[in-house]
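For reference, the structure is listed below as structure tokens.
Each value in this text was obtained by applying a stated rule to the coordinates, not by laboratory testing. These figures come from a predicted structure and were not determined experimentally. Cβ placement follows ideal geometry from the backbone for every residue including glycine, while neighbour counts extend to all protein chains displayed.
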Amino acid sequence: MADTDEITQEETQEEQDEKKDTKKEAGEKKSLVTRFLPKVIIVVVVVIFAGAGFTLSRLLAGSPESHTTGVSEQDQSYQLENMGAEGSVDGSQKSWYYHLEPVIANLDVDDVTRYVKASLTLEVSCEVDQKNGTLFIDEKKPILTNWLTVYLASLGLQDIRGDSNLKRIQSQVLDAFNEKLFPDSKPKIMSVLFKEFAVQ
């Protein structure tokens with residue numbers, strides 16, 4: 001009988017230990033939930049507010065398609081009909097663009113052969129009629145291309161590196177082109193833009 005009492009005591013002791021372990025595990029799970037629940041709630045709230053902010057900004061700004069396709073065919077035909085002799089819509093356009101073919105020139109470097117390839121776009125004042133101006137520049141293009149090739153060939157590698165050097169080159173090309181094209185009048189080329197300026 002003593003053996004059965006010992007066995008029952010051992011069984012009740014094991015049951016009590018299991019209950020303690022179960023309570024301990026439940027307490028650990030509860031502490032994990034209480035630790036991570038506020039963090040999860042914060043993340044969910046941030047995601048909701050970010051989504052709402054993004055949606056609100058898209059609604060207030062309008063869709064990007066409305067900016068690119070906002071001009072209907074009727075508006076385009078109206079603009080074409082009302083285009084003046086200078087090529088402007090209601091006189092609001094201040095310039096037009098002329099694209100020069102790429103010019104390739106060897107740089108003035110001693111050790112290796114290096115060259116520069118430059119493609120320019122000229123911004124021409126609307127004081128010059130676009131149709132007549134295009135014909136005029138086409139006629140003078142060999143002079144401009146020659147001058148640009150000789151000018152670029154006179155530059156060294158250190159002369160074309162960096163923002164300030166590129167701006168200086170643009171300024172010198174602008175002055176020279178205005179002098180070549182319009183020697184006895186005020187400059188009609190407003191700016192020289194680089195489409196490409198590659199050094200090899």
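Observations on the structure shown:
- Treating each Cα of the range 94-199 as one equal point scatterer and applying the Debye formula with no solvent, the log10 of I(q)/I(0) at q = 0.22, 0.24 Å⁻¹ comes out as -1.20, -1.39.
- Site pair Q13 and S171 shows an inter-label distance of 9.7 nm when each label is modelled 7 Å from Cα along Cα→Cβ.
- Modelled spin labels at K131 and T22, positioned 7 Å past Cα toward Cβ, are 9.7 nm from each other.
- Long-range HN-HN contacts of S191 with modeled amide H, under 5 Å: E123
- Among the listed pairs K94/K131; K94/K140; K117/K186, those with a Cα-Cα distance over 26 Å are K117/K186.
- Qualifying lysines (Cα of each under 22 Å from Cα of K19; at least 8 residues distant if same chain): K29, K30
- Peptides 36-47, 128-139 ordered by average Cβ neighbours within 10 Å, highest first: 128-139, 36-47
- Given R0 = 25 Å, the distance between the Cβ atoms of L157 and E101 translates into a calculated FRET efficiency of 0.55.
- Annotation: amide H-H contacts under 5 Å for Y115 (H modelled 1.01 Å from N, sequence separation of 5 or more, or interchain): L107, Q200.
- Segment V47-A198, length gained on full extension (0.36 nm per residue, minus Cα span): 49.9 nm
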